[in-house]
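A short write-up of the structure that comes next.
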Amino acid sequence: MVATLLLALGLGPAITGCASGPTATPDAGLHIERISSSGFTITQTQVRSEDGTVSVRGEVARRIPQRGPIPGAVHISVLGPDGALLAETDAMPMRRNRQATAAHFYARLMLEPPAGGSIRIEHRLSGLPSFG
């Protein structure tokens with residue numbers, strides 16, 4: 001009954017479209033490379049490009065699920081089709097609350113991504129930047 005009502009109102013596709021979470025969004029022909037560290041993995045990545053910027057978001061989670069802070073940083077690099085480094089930045093993983101088993105990250109780079117280029121998303125435990 002509820003499903004029929006939602007379909008009649010035109011809300012069915014909007015609701016069912018939100019059911020699955022993205023794992024990677026190839027945008028403008030970009031290759032997305034995820035490099036996880038020994039005890040942590042990168043999941044739920046999204047890459048979007050618009051207005052001369054590239055936005056990268058995702059999550060870092062422990063390979064064995066448990067609560068606690070996620071150490072380290074997420075290093076994001078934009079590479080040209082020839083492998084040349086065009087831009088890079090670091091993002092700190094942040095838990096939504098103390099009970100969370102994963103942490104989200106977000107970074108925005110100011111450049112137009114080249115067609116045929118790639119985005120490298122890497123979780124690093126050592127060689128961390130200073131965020132103080």
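Per-structure values
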quantity: Efficiency of FRET between residue 51 and residue 82 - r from beta-carbon atoms, R0 30 angstrom, step 0.05; calculated: 0.75
quantity: Nearest-20 debye value, segment 31-124 charge dipole, Cβ charges on Lys, Arg, Asp, Glu; calculated: 740 debye
quantity: Accessible surface of residue 36 - all protein chains present, 1.4 Å probe, nearest 10 Å²; calculated: 40 Å²
quantity: Scattering profile of segment 31-124 at q = 0.14, 0.22 Å⁻¹ [log10 I(q)/I(0), Debye over alpha-carbon scatterers]; calculated: -0.49, -1.02
quantity: Qualifying trypsin sites (Lys or Arg not before Pro) for segment 54-101 [loop in DSSP, other Cβ within 10 Å: at most 12]; calculated: 63, 67, 96, 98
quantity: Point-to-point label distance, residue 38-residue 108, nm (Cα→Cβ direction, 7 Å offset); calculated: 3.7 nm
quantity: Those chymotrypsin sites (Phe, Trp or Tyr not before Pro) in segment 30-116 that DSSP places in a loop and that have at most 15 other beta carbons within 10 Å; calculated: none
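The values are calculated or read from the model by the stated rules, or taken from the named source; none is laboratory data. Keep in mind that what you see is a predicted model, and the values were worked out from it rather than measured. All Cβ positions, even for glycine, are placed from backbone atoms using ideal geometry, and neighbour counts span all protein chains on display. Ligands, DNA and RNA are stripped out before the accessible areas are found, and what is left, the full protein with its side chains, is counted by its heavy atoms. Shrake-Rupley method; radii C 1.70, N 1.55, O 1.52, S 1.80 Å.
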